[in-house]
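Data block below; observations after.
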Amino acid sequence: MAFAPAGPAASFFEALDRHRAALRAALRRGGEAPARGVTSRASRFEDSVGLQMVSHCTTRKIKSDSPKSVQNFALILKVLSMIYRLVQSNTYATKRDIYYTNSQLFGTQTVVDNLINDISCMLKVPRRSLHILSTSKGLVAGNLSFTEEDGTRVSCTGCSTAVAVPSNIQGLRNVITDAKFLLIVEKDATFQRLLDDQFCSKMSPCIMVTGKGVPDLNTRLLVKKLWDLFHLPLFTLVDADPHGIEIMCIYKYGSLSMAFEAHNLTVPAMRWLGLLPSDIQRLNVPQNTLIPLTKRDQMKLDSILKRPYVTCQPFWRKEMEIMAASKMKAEIQALTFLSPDYLSRVYLPNKLKFGGWI
């Protein structure tokens with residue numbers, strides 16, 4: 001007979017429960033107030049939604065009689081005709097499928113990806129409404145089960161295994177969880193290490209997700225769906241470097257390339273759990289485990305600090321200023337100097353128990 005993992009005592013989750021109650025109270029009040037007067041030519045920012053398109057944004061014209069755009073115009077018509085057939089037949093295809101229908105015509109997969117984004121933006125509909133799916137690269141584990149569109153029942157519960165994020169998030173039905181929180185892990189290696197350490201079992205009930213770096217569309221859609229359905233506290237675990245912060249911002253606020261669909265992809269209620277630059281100082285992580293910021297890192301960090309949503313996150317700004325002042329970055333693996341399982345045994349449990357997120 002199989003038994004569900006017991007997890008910590010109820011008192012362990014008191015800070016999480018208070019956080020969840022605060023999130024739900026904010027939702028009942030209509031969410032956080034939007035940022036004041038923050039706009040740009042291509043997008044605006046609302047801290048209750050994320051990056052948004054503006055009505056007066058710059059547009060790009062593609063003409064059938066222009067030598068510069070006639071090929072792109074023809075390719076858009078080609079993809080539109082394929083989308084029409086998919087919608088009419090109620091079938092789906094991946095971006096890769098579309099590319100291989102005529103790889104010589106399209107040239108590269110990137111061309112197809114850009115065409116589909118342009119069409120989605122032009123028609124003002126999410127990509128899944130075009131019946132075009134992305135191949136998922138993300139993984140999910142923990143106290144979660146769901147039924148896929150074809151009727152397959154999937155359980156993500158397991159101490160050392162994970163399930164691939166489905167390709168059709170919209171088609172998921174009977175989604176069930178009793179999780180207390182959802183942890184988004186930046187890197188696959190860290191995700192797998194937490195699985196090996198049976199983190200999901202020890203912190204049960206919970207859910208873990210990884211997009212294996214920069215998240216694909218399906219991973220972002222799954223995170224958004226779980227938020228919409230259950231309003232779980234959502235936390236990110238990323239490297240203490242500008243790249244990790246960028247990935248966290250994509251989940252929380254969106255990206256410029258997908259700003260037209262931010263309301264379907266972002267969860268502004270998400271919190272930064274670790275690795276915080278201040279944690280590096282607090283835990284006395286040895287200097288020889290840290291990595292100097294490159295010129296590219298410094299440019300990325302400066303760029304993030306100038307973004308409008310950072311004005312709504314003073315604690316985030318403080319952490320980034322600590323990083324900028326030290327001129328050093330650290331990977332999550334730097335914590336192994338304390339002990340091989342310090343991340344899963346001490347760092348994350350203490351953060352979750354005592355509310356160590358910002």
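The values are calculated or read from the model by the stated rules, or taken from the named source; none is laboratory data. Because the structure is a prediction, the values reported are computed rather than measured. Heads up: the accessible areas ignore ligands, DNA and RNA and are worked out on the full protein's heavy atoms, side chains in. Shrake-Rupley method; radii C 1.70, N 1.55, O 1.52, S 1.80 Å.
Of the listed residues ASP196, ASP297, ASP118, the order by accessible area with a 1.4 Å probe, largest first, is ASP196, ASP118, ASP297. Counting only alpha carbon atoms, the long axis of helix 14-28 and the longest principal axis of the chain meet at about 40°. Using only C-alpha positions, report the orientation-averaged shadow area of the convex hull of the chain, nm², one decimal. That works out to 20.8 nm². If you sort the three axes of the alpha carbon gyration tensor as a ≥ b ≥ c, you get a/c of 1.5 or more for region 145-286 and a/b no higher than b/c, which makes it oblate.
So what is the 222 nm mean residue ellipticity for the chain from helices alone, if each DSSP H run of at least 4 adds -39500 (n - 2.57) and you divide by all residues, rounding to the nearest 500 deg cm²/dmol? Using -39500 (n - 2.57) per qualifying helix, the result is -11500 deg cm²/dmol.
What shape does region 131-229 have by the C-alpha gyration tensor, where a ≥ b ≥ c are the square roots of the eigenvalues, rounded means a/c under 1.5, and otherwise prolate means a/b greater than b/c and oblate the rest? Taking the square roots of the gyration eigenvalues as a ≥ b ≥ c, region 131-229 is oblate. The mean accessible area for residues of the chain, using a 1.4 Å probe and ignoring ligands and nucleic acids, is 49 Å² per residue. Rounded to the nearest 10 square angstrom, SER145 shows an accessible area of 20 square angstrom against a 1.4 Å probe. Each residue was assigned an accessible area with a 1.4 Å probe, and for LEU217 the value is about 30 Å².
GLU321 contributes an accessible area of around 90 Å² to the protein surface, as traced by a 1.4 Å probe with all chains present.
Considering only DSSP beta bridges with both partners in the chain, what is the antiparallel share in %, to the nearest 5? Here the antiparallel bridges make up roughly 60 percent for the chain.
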